[in-house]
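First the structure, in the form of structure tokens, and then the observations on it.
The values are calculated or read from the model by the stated rules, or taken from the named source; none is laboratory data. Keep in mind it's a predicted model, so treat the numbers as computed, not measured. All Cβ positions, even for glycine, are placed from backbone atoms using ideal geometry, and neighbour counts span all protein chains on display.
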Amino acid sequence: MLANVGYGALWITFGLSLYSIIASVIGMRLHGHPAWIQSACRSLLFIFPTISLSITILIILLTSGHYEIAYVSRVTSNAMPLFYKIAALWGGQSGSILFWTWLLSIVSFLFFITEQKIKDYLLPWMMIIISVTLVFFVFLLLMWENPFNKLWLLKSGDVVAGFLQPLGSMLFVPKDGNGLNPLLRHLGMVFHPPMLYLGLVLFVIPYAYLMAALITNRMDDGWVKVCYHWILMAWLFLSLGLMLGARWAYDVLGWGGYWGWDPIEIAALVPWLSATAYIHSSIAQTKRGLLRRWNILLIILTYSFVIFGSFLSRSGLLTSVHAFANSTVGIAYFIFVCLILFVSLGLLISRWESLEEKNVINSLLSREVMFIFANFLFVGLIVICLWGMLFPIFSEIIVGEKVTVGPPYYEKSTSPVFIFLLFLMGITPFISWKKGSLKGIKRESIFLFVLLLPILVGMKIYNIGDNLTIIYLGFAFFILFLTILGIYKDIQLVNKKGVENSNRTIAERIRFLMKSSAGKFVHIGVILITFGIIGVEMLQVETQTTVTKNEQIVIREYTLQYLGLSVFNTSDGRNISRAVLKLSSENKYLGELYPRRDYYYDSQQTVTIPAVRSTWRDDLYIILVDWAAFSDENITLRVYHNPFAMWLWVGSIIFIFGTLLLLFPKREDANV
Amino acid sequence: MYNRAWIFLVLLLFNSVKANEIKPTPVNDNIVNAVAKEIYCPVCDNIPLDVCDTQACVQWREVIREKLSLGWSPDEIKNYFSEQYGGQVLSEPPIHNGVSFNLLIYLIPGIVLLAGFILVIKSIHSGMRRG
């Protein structure tokens with residue numbers, strides 16, 4: 001019964017989305033007839049409660065063990081704790097599409113409620129575009145991926161999934177479900193997919209806004225600011241999603257890494273890269289009236305990448321730990337992304353002439369040119385990523401050879417681009433618009449080099465790594481100093497303005513500083529993440545050894561002593577094998593560590609949970625690889641020493657903090 | 001008849017000499033992992049062999065250990081896996097000597113980036129000329 005209501009709510013949502021399109025079209029036909037437009041808007045707003053009803057019902061079914069529902073029996077089991085049962089909502093194909101659609105309804109609801117200043121001529125087109133997107137996703141749910149499908153036992157003894165009862169069949173109610181893939185039973189599962197999805201879904205707003213402006217041919221630069229704000233919001237959540245994913249991989253996948261250049265990881269990175277490019281190039285449009293066509297193209301591409309990424313992860317075309325099972329739903333995604341690309345690019349071309357640049361470039365050494373180069377590098381990264389992701393498909397089609405494009409390709413190709421980007425990131429804030437010069441920072445640069453020298457010498461004396469690593473670290477330090485110098489200059493500026501305007505309180509000054517330096521905080525986050533990457537990628541040491549009781553493993557300055565192994569069951573259906581290790585460094589006791597392996601009885605799968613000891617200097621990351629059967633006499637351990645790994649996470653937090661500063665309050669107030 | 005016996009004896013001798021020459025040497029986990037890192041699990045999704053903990057991968061790591069102990073080089077082992085399970089077990093498309101489709105993996109981004117750079121310079125130039 002409940003499932004029928006949930007399914008019915010989906011049909012109502014479908015009807016409301018269609019009605020919103022029709023009412024918008026009629027409203028426009030009647031030259032902006034307010035009653036029709038209002039009616040379309042209300043219908044679009046009403047989608048949020050209807051789809052919320054549908055999702056609430058699915059959550060009730062998931063948490064109450066209604067295993068006659070195919071999706072519930074696939075992703076939950078009796079032994080799973082409540083919050084994983086709720087998180088199972090996005091753990092499978094159909095649930096995650098429903099979740100995506102729900103987020104889309106929230107985002108559009110919030111947009112139409114909060115953005116009061118939408119021009120009358122844009123509103124109907126925006127509604128049409130968002131409604132078409134909703135129609136697409138709800139149609140997928142109704143036709144291909146119905147999360148409310150039930151299990152039916154046929155006369156032949158086969159069990160099939162379907163919403164309507166096949167003739168002569170009866171409802172099949174399993175006693176227990178398969179349960180969520182154990183790898184997904186981690187706190188990361190609760191936060192990573194929702195953040196990532198929210199980020200990706202949010203891109204629909206700038207896309208719809210831009211398309212409305214393009215269709216109505218009202219391309220004054222007003223759209224840039226609206227899009228900037230929403231893209232920044234999407235970017236915040238997408239960044240958070242990617243960072244949480246990295247942390248999850250570090251915590252649970254058991255390979256001592258945070259980023260595996262997995263095709264689906266890259267599919268989420270690509271829209272992030274194009275959005276990052278937009279965030280920079282849109283400033284060139286706001287300040288100098290440049291890159292107008294380019295910014296439109298970036299928004300179109302970003303949204304297309306979002307849908308293309310969904311297509312890749314849901315079609316089964318690519319093999320990945322992230323990918324959903326093979327599904328025909330991929331074809332629908334493919335058609336949708338082609339439609340988006342053709343229509344949007346067609347529109348852009350038709351408006352090409354009216355989108356002439358409003359200004360000229362005065363000098364090669366100007367902030368706008370630096371932004372153009374940064375954009376070129378971001379696009380370069382996108383090309384490298386897309387090509388690496390799609391090459392296995394081309395190879396199979398053209399020469400019939402299955403290949404894997406793994407980390408070596410990406411690391412070799414992207415690292416030079418990242419180095420150039422870091423360099424631009426460091427110097428661009430010091431180069432002014434129109435005609436810049438490096439005079440302003442010449443003296444400071446020399447001072448920074450002098451500051452850098454003892455650090456370089458220190459790294460060499462302490463033999464922190466080979467010469468190349470020291471050069472990379474030195475370079476990262478230099479960019480860090482430059483960015484801190486930039487913040488210092490902002491403080492000077494704020495103080496100067498404070499003297500001119502003595503009414504300003506200290507709190508106000510801090511607020512102004514936060515606003516003017518927000519971007520630089522994001523940059524500091526990036527540099528700290530770079531330290532983490534250099535540490536793990538270039539300075540990581542690993543060893544795998546079998547040890548007997550009380551035997552020691554030495555890795556760099558650390559000593560690990562194996563004390564024992566305990567094996568026990570837990571109430572949530574796991575059998576845990578946990579090793580106890582004593583950690584010391586230079587004869588100083590540092591504590592105990594417990595690497596373990598969890599065996600899940602319901603899915604008969606094992607998950608490795610590493611023991612991690614983090615300090616600001618380094619991480620010790622230990623995996624229990626194997627142990628002797630029925631004995632705790634000896635175990636095999638794999639130990640990684642990851643210098644600077646913590647800076648990945650500290651940098652991520654600062655990055656998010658900087659982005660929040662950029663977002664609240666809006667950027668137009670940020671010019672001190 | 002005698003001839004055949006001689007051939008048999010020579011072969012036996014040769015065989016025994018060979019067996020004496022290739023004496024398996026013990027190989028530790030770190031050396032095995034260094035090779036396994038560059039090979040992808042043939043049955044899992046994008047997981048390097050050194051970190052994959054399925055039973056099949058444990059056995060494949062033992063195959064690597066065995067080959068290493070017999071004196072095989074890492075490249076020979078990678079080729080062996082590639083021949084046995086297909087090119088997708090290598091972490092990078094193999095680029096053999098001569099012209100190969102796999103060369104495009106580096107060529108295409110290189111060409112696109114170069115063309116893009118020229119385009120950027122040209123558009124900056126034309127942006128400056130407009131003034």
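Can you report the number of residues in segment A:187-233 which are surrounded by fewer than 19 Cβ atoms within 10 Å (Cβ to Cβ) and either of a type outside the set (Val, Ile, Thr) or not in a helix (DSSP H, G or I) (or both)?
Total meeting the criteria: 11.
Note down all Cβ pairs under 7 Å where the first residue falls in segment B:56-71 and is of a type in the set (D, E, K, R), the second is modelled with pLDDT under 90 and surrounded by 13 or more Cβ atoms within 10 Å (Cβ to Cβ), and they're at least six residues apart or on different chains.
Pairs found: B:ARG61/B:LEU49; B:ARG65/B:VAL27.
Can you find even one residue in segment A:112-125 that is surrounded by fewer than 22 Cβ atoms within 10 Å (Cβ to Cβ), more than 20 Å from A:ARG314 (Cα to Cα) and among the hydroxyl-bearing types (Ser, Thr, Tyr)?
Yes, segment A:112-125 contains a residue that is surrounded by fewer than 22 Cβ atoms within 10 Å (Cβ to Cβ), more than 20 Å from A:ARG314 (Cα to Cα) and among the hydroxyl-bearing types (Ser, Thr, Tyr).
Residue pairs, Cβ under 6 Å, 6 or more apart or interchain, first in segment A:110-125 and assigned by TED's automatic domain parsing to the domain that holds A:SER20, second at pLDDT 85 or above and exposed (fewer than 15 other Cβ atoms within 10 Å of the Cβ). List them.
Filtered contacts from segment A:110-125: A:TYR121/A:THR216.
Look at segment A:424-463 and say how many of its residues are more than 18 Å from A:ILE524 (Cβ to Cβ), touching a residue at least 12 places away in the same chain (Cβ under 8 Å), of a type in the set (Phe, Trp, Tyr) and in a helix (DSSP H, G or I).
So the count comes out to 1.
Looking only at segment A:575-602, count every residue that is within 14 Å of chain B (Cβ to nearest Cβ) and either in contact with a helix residue (DSSP H, G or I) (Cβ under 8 Å, 6 or more places away or on another chain) or loosely packed, with under 15 Cβ neighbours inside 10 Å (or both) and tell me the total.
2
Can A:MET219 be described as hydrophobic (A, V, I, L, M, F, W, C) and modelled with pLDDT under 85?
Criteria met by A:MET219.
Whether any residue in segment A:341-353 is out of contact with any Phe, Trp or Tyr (no Cβ under 6 Å at 6 or more places or on another chain), of a type in the set (D, E, K, R) and more than 9 Å from chain B (Cβ to nearest Cβ) is what I want to check.
Yes; the residues of segment A:341-353 include at least one that is out of contact with any Phe, Trp or Tyr (no Cβ under 6 Å at 6 or more places or on another chain), of a type in the set (D, E, K, R) and more than 9 Å from chain B (Cβ to nearest Cβ).
Within segment B:67-92, can you find the residues that are facing another protein chain (nearest Cβ under 10 Å) and acidic (Asp, Glu)?
Across segment B:67-92, the qualifying residue is only B:GLU92.
Of everything in segment A:515-553, what is away from chain B (no Cβ under 13 Å) and out of contact with any Gly (no Cβ under 8 Å at 6 or more places or on another chain)? Give them in sequence order.
Correct list: A:LYS515, A:SER516, A:ILE533, A:ILE534, A:GLY535, A:GLU537, A:THR548, A:ASN550, A:GLU551, A:GLN552.
List every residue pair whose Cβ atoms lie under 6 Å apart, where the two residues are 6 or more positions apart in sequence or sit on different chains, the first residue falls within segment A:381-410 and is facing another protein chain (nearest Cβ under 7 Å) and closer than 22 Å to A:PHE305 by Cα, and the second residue, located anywhere, is surrounded by 15 or more Cβ atoms within 10 Å (Cβ to Cβ) and among the aliphatic types (A, V, I, L, M).
Here the result reads A:VAL383/B:VAL112; A:TRP387/B:ILE108; A:PHE391/A:VAL405; A:PHE391/B:ILE105; A:SER395/A:VAL403, each pair linking segment A:381-410 to a residue that is surrounded by 15 or more Cβ atoms within 10 Å (Cβ to Cβ) and among the aliphatic types (A, V, I, L, M).
Just one of the numbered conditions (1) within 18 Å of A:ILE384 (Cα to Cα); (2) more than 9 Å from chain A (Cβ to nearest Cβ); (3) of a type outside the set (D, E, K, R) is not true of B:ILE64; which one?
That leaves (1) as the condition not met.
Mind checking which residues of segment A:336-377 are farther than 30 Å from A:PHE136 by Cβ and more than 32 Å from the chain's Cα centre (by Cα)?
The answer is A:GLU353, A:GLU356, A:GLU357, A:LYS358, A:ASN359, A:VAL360, A:ILE361, A:ASN362, A:SER363, A:LEU364, A:LEU365.
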